[in-house]
Each structure stands twice: as C-alpha cells, then as structure tokens.
Amino acid sequence: MIIAENTQAVYTVEADNVEAEVTIVEREEDHVPRYIVDYPKFEKATRTVLDDLKEEITRQVDIEEREILDPKSVEKIKGEFLRTAERVAGSFFPGLSKRKIEILAGRLTHDMYGLGRLEILLRDDDLEEIVVNSADEPVWVYHKEFHWLKTDIYLDSERKIYNYSSVIGRRVGKQITNLQPLLDAHLPSGDRVNATLFPVSTDGNTITIRKFARNPWTITHFIDPKFGTLSKELAALLWLSIQYEMNMLIAGGTASGKTALLNTLTPFIPPNQRIVTIEDTRELNLPQYLHWVPMTTREPNPEGKGEVSMLDLMINSLRMRPDRIMVGEIREKDQAEVLFEAMLTGHSVYATLHANTAKEVMRRISNPPINIPKTMLESLHLTCVQYRDRRTGIRRTRELAEIVPKTKRKGGGVDLNARTLYRWKPNDDEFSKIRESNRLLDDIMDHTSMSQQEIQEDLKEKEEILQWFLDSNLKTTNSVGKVVAEYYSNKDKVLELVRGDKGPDNLLPDDVIDELKKRGLRE
C-alpha cells in the first residue's frame with residue numbers, strides 16, 4: 001500500500017556529537033503530523049559488541065557516588081563518560097573514522113548516563129514539551145510551529161521509563177517509588193520533569209518534560225512584530241511600573257507565558273536593589289549584574305522530613321532584606337497572605353497566578369480558598385493577563401488592568417475594581433488603549449514628584465529605547481539589562497545613542513557582545 005506523505009520540515013539536531021535528521025511529515029492515515037528522527041547507522045558487527053563496550057567504559061570511569069548526586073558535577077561526569085567512551089571505542093574499532101568514533105561515544109553516553117534517544121529531543125530548541133505516556137505509545141512532542149506531534153520513538157519497556165524517572169529524581173535528591181509514585185523534579189538544564197508510576201497512571205509509567213528556554217525571551221522578542229506578544233506602548237508602561245516599584249500579578253492559563261513575561265520584565269529592575277526569587281523549579285533567569293538570590297522549594301524525604309515549602313521560603317525571604325520579591329506561582333491562602341503582607345511592609349512584589357481575566361484574578365484572591373481581605377488587596381497595583389491560543393499557538397498579553405480601591409457608600413467598607421487600561425483585540429490582532437490610568441500614574445507621581453507631563457515624556461523615551469532594542473537586535477537578557485542599567489545611571493548618554501541612530505556595542509562589555517555573537521545576533 002502506498003502511503004501519501006507531505007513533508008512539512010527537515011532539519012538537523014546535534015547532541016554530544018550525535019547528529020540526527022528530523023523530518024516532520026503529514027500522512028493520510030494519521031490525525032497529527034509525525035516527528036521522525038533519523039539516527040546515524042552502525043554496522044551489525046559494531047552493534048553486537050556494544051554491551052562489551054559499556055562494561056569496559058563502566059570499569060574505566062571512576063566516579064564517586066557523591067559526584068553522581070551532585071548537580072554541579074553532571075557536566076563533568078558526562079564529559080568523563082564521553083572521553084572514556086571515545087578511548088574505549090577507538091581501541092575496539094581501530095578501523096573506524098574519528099567522526100564515527102565520536103558518534104558512537106555520544107550514543108553510548110546517552111544510553112549509559114543520559115536518557116537514551118530522548119537526548120536528541122532535549123536538544124531540539126523547537127520543542128516545548130516531551131511526553132512519554134507508556135511503553136506501548138510513541139513519545140509525543142509539542143513543537144513551537146507544528147504543535148503536538150507523534151514521534152517514531154518508543155521506549156522499550158515500563159522498566160526503562162521507571163529507570164529514567166528514577167535517575168532524574170536521584171540527581172536532585174528525590175525518589176519515585178511505589179510508595180511515592182509522583183515525581184516533580186528538574187534536569188540539570190533546568191527543564192521541568194513530572195513523572196508518574198502505574199497504577200496511578202493506569203496505562204503505564206509516564207514522563208512529562210517541559211523544556212526550559214535555552215535562550216530566554218526578552219522584551220525585544222515580545223515587541224517584535226514577528227511575535228507580537230506586546231505593543232511598545234504597553235511595554236513602556238510595564239517598564240515604568242517596574243522601575244518605580246509598583247506591585248504586580250501576572251495571570252493566565254497553562255503555558256500562556258506568565259513566567260516568560262515576568263522574566264522579560266526583570267532587566268527593568270534597578271541594579272542597586274536586592275532581589276529574591278522563589279520557585280518550585282528554577283525558571284527565572286535574571287541579568288548577571290543584578291543582586292539576585294534565587295531560591296527553590298524542596299520536597300520531604302521518604303521519612304517525611306526535610307521539606308522546604310514555598311511558604312517557608314517566602315517567610316524566610318522577608319528576613320533577607322530584599323527590595324523585590326518574585327514568586328513563581330501563588331496557589332494557597334498562606335502563600336498569598338505572606339505575599340500581601342510583604343507588599344504592606346514596603347517590599348515590591350511580583351508573582352504569577354492561574355486566571356484568565358483581571359476580574360477573575362480579583363475573584364480568585366478575594367474568595368475561598370485564597371480569601372485575602374480586600375483591605376490587603378489595596379497594595380496590589382497591576383494585574384497583567386497572558387493568553388495562548390491553543391489552535392494557532394500565538395501568545396498575547398490579553399489585558400492590563402490597574403486595581404482601584406473604592407469606598408462603599410453603605411457600611412464604609414472598601415471595594416476593589418480591576419480597571420482595564422489595555423486590551424488585545426483578537427479580530428485585528430492589535431492592542432487597544434481602553435482608558436488612561438488613574439491610580440497607577442497617581443501613585444508614581446506621589447512617589448517621584450513627577451508631573452503627568454513628565455511621566456508621559458518618560459514613557460515616550462522608553463518607547464524610543466524599546467524600538468532601538470528591536471533595531472539593534474538586542475535579544476539577550478544581559479544585553480537588554482546592561483543598557484537599562486546604563487539608562488538609570490546615565491540617561492542622556494543612552495538617549496544620545498538612540499536618537500543618533502548609533503549601535504549599542506560601546507555600552508556593552510566584551511562578555512555580553514560575545515554572548516550576542518554566539519547566538520547569531522552580531523556579526
């Protein structure tokens with residue numbers, strides 16, 4: 001039978017010297033496109049002695065147990081595996097070319113120390129999610145352009161899925177067992193991992209890997225017309241709000257870009273302030289020059305001891321003299337209470353929350369189970385709502401609203417209104433300004449003694465700089481952050497470059513320019 005195929009894309013991915021060709025095809029008999037991985041082939045004689053090779057490599061690699069469990073040693077150990085595998089493979093197959101020896105060593109390292117054939121998927125920057133549902137199903141991936149795809153990769157057995165989950169857990173000090181059949185962990189690269197065991201997942205053992213952005217998005221990506229996540233006008237207002245310490249909640253659905261937006265706003269924090277970030281899994285990536293203390297939670301050990309919760313970290317952070325506190329996600333009442341207490345005691349606070357509109361944000365945090373008193377909610381200035389269209393994959397800032405307290409006529413209590421300032425119009429794919437700010441700009445004027453005209457001029461300057469970021473292709477966290485830091489200390493110098501249509505290179509240190517070159521953003 002002839003199967004009709006329509007090739008959508010072909011490209012190569014390399015992991016530890018193993019280069020594989022990826023082909024995305026549509027087939028008549030499938031409901032979703034296929035993600036096909038073509039690995040380098042080896043002769044039958046080479047394949048038959050792989051077990052002997054693995055035994056010899058195991059004998060020669062001298063690794064202590066504490067190194068295996070130390071996340072900082074992961075790359076060192078992998079490098080030792082690669083070098084030993086190349087040496088052993090070379091002695092077993094003296095007739096093989098150097099390139100084939102490197103490929104063979106890479107494949108052996110993936111099998112012995114990594115996640116086997118999943119390693120190629122982990123190196124594909126076009127993938128956002130890698131999903132193993134059971135040994136009977138192919139691995140699924142979520143592609144940035146083509147969305148959910150079936151791969152041609154199967155894991156051999158439920159035992160192998162369990163082994164991968166167990167290895168991932170051990171490297172971050174966690175366990176997955178029949179008594180603890182759920183695992184929430186991360187890879188050394190920062191990729192988030194969730195795993196479950198049968199019979200909790202009734203069809204078999206599962207692994208879900210949400211990939212951490214290798215090159216984190218910046219505000220330049222967000223305002224780029226190619227992506228269209230934000231308008232320059234809206235981005236300038238967010239910049240102003242961050243600069244002058246307005247408190248903000250970023251809301252949205254799953255994978256809508258909440259954490260990505262929070263991350264893009266961090267370079268706008270002045271460099272003379274101390275920042276504490278609190279997350280379940282490290283996702284935020286702040287500019288190197290900022291005074292930043294990243295903190296992550298820890299689950300209890302098998303005896304139920306040693307847990308460090310998000311609430312523990314939030315309470316502890318208040319004793320660390322932070323100027324800014326960022327929380328990965330609010331889920332519970334205790335967390336929200338500490339967060340709003342931090343706002344009331346003069347800290348600038350940012351966090352994410354699952355909600356689809358600004359009004360829904362207010363309902364969620366002012367009603368059970370979170371149930372924060374409205375008098376505490378007055379300290380919140382802004383809520384920004386992110387949106388992701390599952391059909392097209394586009395992400396947009398759906399709504400920006402300021403929180404305005406109002407005194408009730410009867411009873412004298414306080415009510416709160418989520419007053420929309422900007423809204424995205426899906427029919428036109430444009431951002432529309434709904435109304436001028438009342439509370440936000442008034443609070444900034446109170447803090448800074450700036451007039452309304454001066455604030456408007458400041459916003460226009462920021463829009464000019466944002467356009468210059470786009471024109472200059474500044475798309476790394478450190479390059480954007482360095483220019484913003486220079487703007488705070490020497491605004492005239494930066495504006496002179498912007499208005500003189502000059503490049504930013506004389507503002508950037510050599511390591512930041514090298515980073516731009518490495519990512520193909522400089523010649």
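The values are calculated or read from the model by the stated rules, or taken from the named source; none is laboratory data. On a predicted model such as this, the values are computed, not experimentally measured, just so you know. As a convention, Cβ positions derive from the backbone with ideal geometry for all residues, glycine included, and neighbour counts pool all protein chains shown.
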The one condition in (1) within 29 Å of the chain's Cα centre (by Cα); (2) buried (at least 18 other Cβ atoms within 10 Å of the Cβ); (3) of a type in the set (Phe, Trp, Tyr) that PHE93 fails to fulfil: (1)
Residues of the range 325-352 being in a strand (DSSP E or B) and under 13 Å from GLU245 (Cα atoms), which ones? ILE325, MET326, SER348, VAL349, TYR350
Take the residues in the range 389-435 that are in contact with a Lys or Arg (Cβ under 6 Å, 6 or more places away or on another chain), at pLDDT below 95 and β-branched (Val, Ile, Thr); name whichever of them is nearest to GLU360 (Cα to Cα). VAL404
Within the range 499-512, residues crowded, with 17+ Cβ neighbours inside 10 Å and either part of a helix (DSSP H, G or I) or β-branched (Val, Ile, Thr) (or both) come out as LEU507, VAL512
Just to be sure before I move on: is TRP148 of a type in the set (Phe, Trp, Tyr) and in contact with a Ser or Thr (Cβ under 9 Å, 6 or more places away or on another chain) in the structure I sent? no
Return yes when ASP184 is farther than 24 Å from ASN215 by Cβ, in contact (Cβ under 8 Å) with a residue 60 or more places away in the chain and touching a strand residue (DSSP E or B) at 6+ places or on another chain (Cβ under 8 Å) and no when it is not. yes
Looking at the range 430-455, which of the residues that are touching a Leu at 6+ places or on another chain (Cβ under 8 Å) and of a type outside the set (D, E, K, R) is surrounded by the most Cβ atoms within 10 Å (Cβ to Cβ)? LEU440
Please work out which residue is modelled with the lowest pLDDT, limiting yourself to the range 27-46 and to residues that are surrounded by fewer than 13 Cβ atoms within 10 Å (Cβ to Cβ) and part of a loop (DSSP other than H, G, I, E, B). GLU43
Could you count how many residues in the range 315-337 are of a type in the set (A, V, I, L, M) and under 20 Å from SER366 (Cα atoms)? 3
Do we have any residue at all in the range 309-317 that's at pLDDT 90 or above, in contact with a Leu (Cβ under 9 Å, 6 or more places away or on another chain) and either outside any strand (DSSP E or B) or at negative phi (or both)? yes
Consider the range 243-281. How many of its residues are over 29 Å from SER489 (Cβ atoms), in contact (Cβ under 8 Å) with a residue 60 or more places away in the chain and under 14 Å from the mean Cα position of the chain (by Cα)? 7
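State which residue is farthest from ASP511 (Cα to Cα) when the search covers only the range 283-310 and only residues that are among the aliphatic types (A, V, I, L, M) and surrounded by fewer than 16 Cβ atoms within 10 Å (Cβ to Cβ).
Ranking the qualifying residues of the range 283-310, first place goes to VAL308.
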Subset tally (residues that are closer than 17 Å to TYR387 by Cβ and not basic (Lys, Arg)) for the range 331-369: 9
Any chance you could count how many residues in the range 269-282 are farther than 19 Å from GLN335 by Cα and surrounded by fewer than 21 Cβ atoms within 10 Å (Cβ to Cβ)? 5
Would you mind finding the one in LYS144, LYS160, LYS226 that is of a type outside the set (A, V, I, L, M) and without any contact (Cβ under 8 Å) to a residue 40 or more places away in the chain? LYS226
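When you look at VAL49, is it at pLDDT below 80 and touching a helix residue (DSSP H, G or I) at 6+ places or on another chain (Cβ under 8 Å), yes or no? Talk me through it step by step, then tell me what you get.
Numbers: at pLDDT below 80: yes; touching a helix residue (DSSP H, G or I) at 6+ places or on another chain (Cβ under 8 Å): yes.
When the stated conditions are applied, VAL49 passes them.
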Filter the range 132-160 for residues that are more than 18 Å from HIS110 (Cα to Cα), part of a strand (DSSP E or B) and within 23 Å of the chain's Cα centre (by Cα) and give the result. TRP140, VAL141, TYR142, HIS143, HIS147, TRP148, LEU149
Would you tally the residues in the range 353-381 being farther than 24 Å from GLU245 by Cβ and not in a helix (DSSP H, G or I)? 7
